[in-house]
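Down below is the structure, laid out as structure tokens.
The values are calculated or read from the model by the stated rules, or taken from the named source; none is laboratory data. Keep in mind it's a predicted model, so treat the numbers as computed, not measured. When we count neighbours, we look across all protein chains shown, and the Cβ atoms used for this are built from the backbone with ideal geometry, even at glycine.
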Amino acid sequence: MAMDKVLEKKKRPLWQVGALLVGVGAIAYGAFQLLSDASIRTYRVSADQLIVSTVQQGAFEDLIPIRGTIQPFESVFLDAVIGGSVDEVFVEEGAFVDFGQPLVQLSNTATRLNAAQADAQTTEQLNNLTNITNNFEYQRLATERQIIDTEFRIVTLERQKGRFEQLVGDSLISEEEYEAIVDELDYQTKVLSNLKARQIVEDREREARLEQIANQIDMLSENLEISQASFESLLVKAPISGQLTSFPVEIGESKQTGQRLGQIDVVDQYKIVAQIDEFYVSRVAPLQSATFTLAGQEYHARVDKVYPEITAGTFEVDMIFEGATPTNVRRGQTLQMELTLGNPVESLLLPVGGFIQDTGGNWVFVLDASGETAIRRDIRVGRRNNRFVEVQEGLREGERVITSGYGQMEDVERVQLIL
């Protein structure tokens, strides 16, 4: 009877084991990738709907867009100094007027009466002061006349005394007559001394009073001029030459004291008034330059004055033209301008797009080498203008970034482009 033979099991070749392990590993890796991809939030979108920009190295110009309004370089407002009703209008709105030209006549009965009363009272007071001045002069002349008379009397008495001295020595006149002359001479000498002392006091008092009277006369004259000016101000005249750009005045209407009557503009010179966001209030300064394009030609302006007051989130600056001044501008015309805040600086630049509003510049979608997938990446940006944003961290020169809006991609980590 034949015996069964035990067969030995052949070992699998090593190359087959290796191939098997590689296959299992590939299957595991593929499964892992599938699971990983499934866990990444992905947004698929047509490439035609996106804007892709390239990160580039270049000179960053610190520019901000602003909107300016053409305004006259000089304007003067017309206000009613004294209120009244409009009697007559001499010019129409929009007319060119000359300095001192009558514009409108107002009437105010109370002002007319007050001016007349003030004139009468001031004239009366001026007359009284004039009379006082004249009385001082009469007094001065009277005192001088008394001094002259006394001096003449003393001269006469001195002559008589000389003659009487000889006569009394010859016993031709009595001692009593001689002594009478001596006594009167002594009296007139004392009178003369008294008159001169009084003259000094009178002169001192007169000078002080005349100075006071002169001041009072000046004040009264000034009050009289003010009263006359108040009455004359009812006739409103042009304070400068220019164009009457605003003049809402109708015959018969009443205007209150201080009410705005109109505005005169110097139309041969203009300035630009711009409103700028308060974020830049510390960075805007006089002499900074701005450019704008009008009718296909580029013009330049510079900041002349900065008003630091913040109103509704903006502050105001005045700008004047530099170089050629456009001839086809009108008051109130709006200009789109670019204001330069600093010198150009070499930086890494990314074109501005809708992503700035969606991410604040904190992250972007960066395309891979194939250009079919974009991965979310955190970045840090610095200054920005209306064309570029300055990249400080997170991007390299030559990388491509989706710069259009991220409205439907804010919650995803990857964007799949459909080519």
Subject >> Counted residues, the stretch 322-357 - those being closer than 30 Å to L395 by Cβ, loosely packed, with under 14 Cβ neighbours inside 10 Å and charged (D, E, K, R) >> reply: 1
Subject >> Filter result (closer than 13 Å to L244 by Cα and touching an Asp or Glu at 6+ places or on another chain (Cβ under 9 Å)) within the stretch 70-88 >> reply: P72, E74, S75, V76
Original post:
Out of (1) part of a strand (DSSP E or B); (2) at pLDDT 85 or above, the odd one out for T245 is which?
Top reply: (2)
**OP:** Enumerate the pairs (first residue in the stretch 153-170 and assigned by TED's automatic domain parsing to the domain that holds S193; second residue anywhere and of a type in the set (G, A, S) and surrounded by 14 or more Cβ atoms within 10 Å (Cβ to Cβ)) with beta-carbon separation below 7 Å, excluding pairs fewer than 6 apart on the same chain, so at least 6 apart or on different chains.
**Re:** none
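Only residues that are within 19 Å of F152 (Cα to Cα) and surrounded by 12 or more Cβ atoms within 10 Å (Cβ to Cβ): list them for the stretch 162-185, please. Before you say what the answer is, go through the steps one by one.
Step one: filter the stretch 162-185 for residues within 19 Å of F152 (Cα to Cα), giving 162-164, 180-185.
Matches in the stretch 162-185: R163, F164, A180, I181, V182, E184, L185.
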Subject >> Odd one out for R153, checked against (1) charged (D, E, K, R); (2) in a helix (DSSP H, G or I); (3) surrounded by fewer than 16 Cβ atoms within 10 Å (Cβ to Cβ) >> reply: (3)
**OP:** Collect the residues in the stretch 153-188 that are within 30 Å of V201 (Cα to Cα) and hydrophobic (A, V, I, L, M, F, W, C), keeping them in residue-number order.
**Re:** I154, V155, L157, V182, L185
Subject >> In the stretch 86-126, the residues that are over 28 Å from I213 (Cα atoms) and modelled with pLDDT under 85 >> reply: G94, S107, N108, T109, A110, T111, R112
Original post:
Within the bounds of the stretch 258-276, is there any residue that is outside the structural domain of T143 (by TED's automatic domain parsing), polar (S, T, N, Q) and surrounded by fewer than 12 Cβ atoms within 10 Å (Cβ to Cβ)?
Top reply: yes
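Quick one: in the stretch 178-207, which of the residues that are touching a helix residue (DSSP H, G or I) at 6+ places or on another chain (Cβ under 8 Å) and more than 13 Å from T143 (Cβ to Cβ) is modelled with the lowest pLDDT?
Per the stated criteria, the residue is Y178.
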Subject >> Output for the stretch 129-152, where each listed residue is touching a residue at least 12 places away in the same chain (Cβ under 8 Å) and either closer than 17 Å to E205 by Cα or outside the structural domain of L192 (by TED's automatic domain parsing) (or both) >> reply: L129, I132, T133, F136, Q139, R140, T143, E144
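Residues are listed down the side, and each one gets a yes or a no for (1) part of a strand (DSSP E or B); (2) closer than 30 Å to L106 by Cα:
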position: I251; (1), (2): no, yes
position: G258; (1), (2): no, yes
position: Q263; (1), (2): yes, yes
position: V273; (1), (2): yes, no
position: S282; (1), (2): no, no
position: H300; (1), (2): yes, no
Original post:
In the set I147, I200, which member is more than 30 Å from L234 (Cα to Cα) and surrounded by 11 or more Cβ atoms within 10 Å (Cβ to Cβ)?
Top reply: I147
**OP:** Could you tell me whether the stretch 274-281 includes any residue that is free of Cβ contacts under 8 Å to residues at least 24 places away in the same chain and not charged (D, E, K, R)?
**Re:** yes
Original post:
Filtering the stretch 284-298 down to residues that are without any contact (Cβ under 8 Å) to a residue 24 or more places away in the chain and either assigned to a loop (DSSP other than H, G, I, E, B) or not assigned by TED's automatic domain parsing to the domain that holds V329 (or both), which residue is nearest to V329 (Cα to Cα)?
Top reply: G296
Original post:
Quick one: which of I320, I310 is β-branched (V, I, T), at negative phi, out of contact with any strand residue (DSSP E or B) (no Cβ under 9 Å at 6 or more places or on another chain) and not in a loop (DSSP other than H, G, I, E, B)?
Top reply: I310
Subject >> Members of the stretch 51-81 found to be farther than 17 Å from L341 by Cα, surrounded by fewer than 19 Cβ atoms within 10 Å (Cβ to Cβ) and hydrophobic (A, V, I, L, M, F, W, C), listed by number >> reply: I51, V52, I70, F73, V76, F77, V81
**OP:** Output the residues belonging to the stretch 398-411 that are assigned to a loop (DSSP other than H, G, I, E, B), in contact with a strand residue (DSSP E or B) (Cβ under 7 Å, 6 or more places away or on another chain), over 22 Å from P344 (Cα atoms) and at pLDDT 90 or above.
**Re:** E399, T403
